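The values are calculated or read from the model by the stated rules, or taken from the named source; none is laboratory data. As the structure is a computational prediction, the values presented were derived from the model and not from experiment. Don't worry about glycine lacking a Cβ; one is built from the backbone with ideal geometry, like all the others, and counts go over all protein chains shown. Just the protein is used for accessible areas: all its heavy atoms, side chains included, with ligands, DNA and RNA removed. Shrake-Rupley method; radii C 1.70, N 1.55, O 1.52, S 1.80 Å.
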Amino acid sequence: MATIIIPTPLRKFTNNTAKLDIPADTVGAAIQRLSEDFPDLKKHLLDDLGQIRTFLNIFVGDDDIRDLQQGETPLPTHATLSIVPAIAGGIAEDVIFSKAELARYNRHIIIPEFGLKAQKKLKAAKVLVIGSGGLGSPVLLYLAAAGVGTIGIVDFDRVDDSNLQRQVLFGVESVGQPKVEAAKRRLEALNPHITIRTYDTQINAQNALDIIRDYDVVADGTDNFPTRYLVNDACVLLGKTNVYASIFQFEGQVSVFNYRNADGEPGPNYRDLYPTPPPPGLVPSCAEGGVLGVLPGIIGSMQASEVIKVITGVGEPLSGRFFTFDARTFETRTFNIKRRENNPINGKNPTITQLIDYEQFCDMKVVERPVQEITVQELYRWQTLGEKFQLVDVREPHEYEAANLGAELIPLATVAAHADRFARDVKVVVHCRSGVRSARAIRELEDKFGFDNLYNLKGGILAYLEEVSLEKAGVS
């Protein structure tokens, strides 16, 4: 077993790892194994003939292998293999800025501790943001504005008007649209010099590794425990830094997990901080417990700042530290955290070697079960044919006053208290603005009171007013 020291210019190909333990008997075997483990690194180590490139010097201990047996140099037990490339100073020349980009990023570039070098690192970086909601919105906006070259967005949700109180990435015109599509348009309008990749899907144990492996840093903006543990474990297995943030009502948390220091040693991860999740229902989601609208902006901006620090190497990331903020009192605290030997994924005796069933682990569902739906065309047909049914609107009174379908108004927050107002002997159509809140109301009624005659109006009142108006006008 040999320890290979990876130089700074090549660490971007080894997930920012400075030291790697490679099982090999000779220098050549070690370099070959290194190339296999990190395919993107191979072309920088070996030429087309498989020979070690001439701009690299390789040392076993303190001795140049050119003075030994070159690639056939045997490696003693616990040998240290150092790769030392020629360095002229400066940074990679393959990162080039246009005049427009230099003008755009001028306020970064003129900072003495940041400069063009850090800006080039931002442009070369690839960051995956999981969740484009309350936290994801400020993270995406600030990373795009800062000039991160490639940003990936994972989200399977659609924009609902209840999101607009805090998810500043979206506007009224985005309601009902897939979040990743609305986010992509907004970010490309903000900065046309970057690349946006979208994943309109739920991240899960089947696709997480494939999605995350192409990125340098992950920003976790998710809102449930199964996905938190999934993202953490995937990042640990892939050697990626996970910039974590979380919010609830008035409180926020920020940390940097699995960050490798200059010696290549990984810092604590989420399982070092929270080995197991709380029991279901103890900590409600934002949808259930609420969140101060400005809080995601505060915490998400801190999260974006940590991402930038990790990428550029400017400043000291929150690795090994856990930051908390209380908006009610404006109190902040920073706690020290460390790795635990009993961590099941990278402790002394790991028991997790692949992604697991995280819904089972947390005893909760990530994605709500589907509900019965009815299209606006079907509802209109029921109305014109005089079919007997009940129509319920779960929006707020002010929304109802602005526009309504003549439905019985029972706001979402009062649905359980007024379950007796929902008919059981006829079909009941429940609607809101776009279909998100009404689906939530139906699940609550089905779970708590056993209803089986409830139908969600697909697309909500927005779809009804648009499509039925066209149908009445004879437009197909």
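Label 7 Å along Cα→Cβ of GLN70; segment 17-33 residues with amide nitrogen under 20 Å? The answer is 25-33. PHE13 sits among other residues whose Cβ lies under 11 Å from its own Cβ, and their net charge, with Lys and Arg +1 and Asp and Glu -1, is +1.
The angle separating the long axis of helix 460-472 from the principal Cα axis of greatest extent in the chain is about 60 degrees. Do any GluC sites (Glu not before Pro) in segment 357-432 lie in a DSSP loop with no more than 15 other beta carbon atoms within 10 Å, and if so, which? In loop regions of segment 357-432 (DSSP not H, G, I, E or B), the sparsely surrounded GluC sites (Glu not before Pro) are GLU368, GLU387.
Site-free segments of the chain were taken between trypsin sites (Lys or Arg not before Pro) in DSSP loops having at most 10 other Cβ atoms within 10 Å, sites themselves excluded; the longest one is 1-327. Sum up the charges of everything whose Cβ sits under 12 Å from the Cβ of THR73, counting Lys and Arg as +1 and Asp and Glu as -1, but leave THR73 out. Spelling it out: positives minus negatives among the neighbours equals -4. Of THR334, THR222, the order by accessible heavy-atom surface (1.4 Å probe, DNA, RNA and ligands excluded), from most exposed downward, is THR334, THR222.
Label positions at GLU173 and ASP62, each projected 7 Å from the Cα along the C-beta direction, are separated by 6.8 nm.
Explain nothing, just the number: relative contact order of the chain, from Cα pairs under 8 Å at least 6 residues apart, as a whole percent. Walk me through the intermediate numbers first.
On the way: 851 pairs, mean separation 52.2, N = 476.
RCO, the chain: 11 percent.
Toward the positive end of the charge dipole of the chain, with +1 on the Cβ of Lys and Arg and -1 on the Cβ of Asp and Glu, the farthest Cα among GLY297, ALA29, LEU164 is that of GLY297. Within the same chain, lysines fewer than 8 places from LYS458 are excluded, and of the rest, those with a Cα less than 30 Å from its Cα are LYS179, LYS184, LYS365, LYS388, LYS427, LYS448, LYS472.
If r is the Cβ-Cβ distance from ASP357 to ARG421 and R0 is 35 Å, what FRET efficiency results, to the nearest 0.05? FRET efficiency, ASP357 to ARG421: 0.35. The GluC sites (Glu not before Pro) found in segment 5-96 that occupy coil by DSSP, while having at most 10 further C-beta atoms within 10 Å, are GLU93. In percent, rounded to a whole number, the relative contact order of segment 389-448 is 43, using alpha-carbon pairs under 8 Å and six or more apart.
Listed by chain and number, the aspartates and glutamates whose alpha-carbon sits under 20 Å from that of LYS42, ignoring those within fewer than 8 places in the same chain, are ASP21, ASP25, GLU72, GLU93, ASP94, ASP214, ASP216. What does the charge add up to near VAL310, with Lys and Arg as +1, Asp and Glu as -1, over the other residues with Cβ less than 11 Å from its Cβ? Net of charged neighbours comes to +1.
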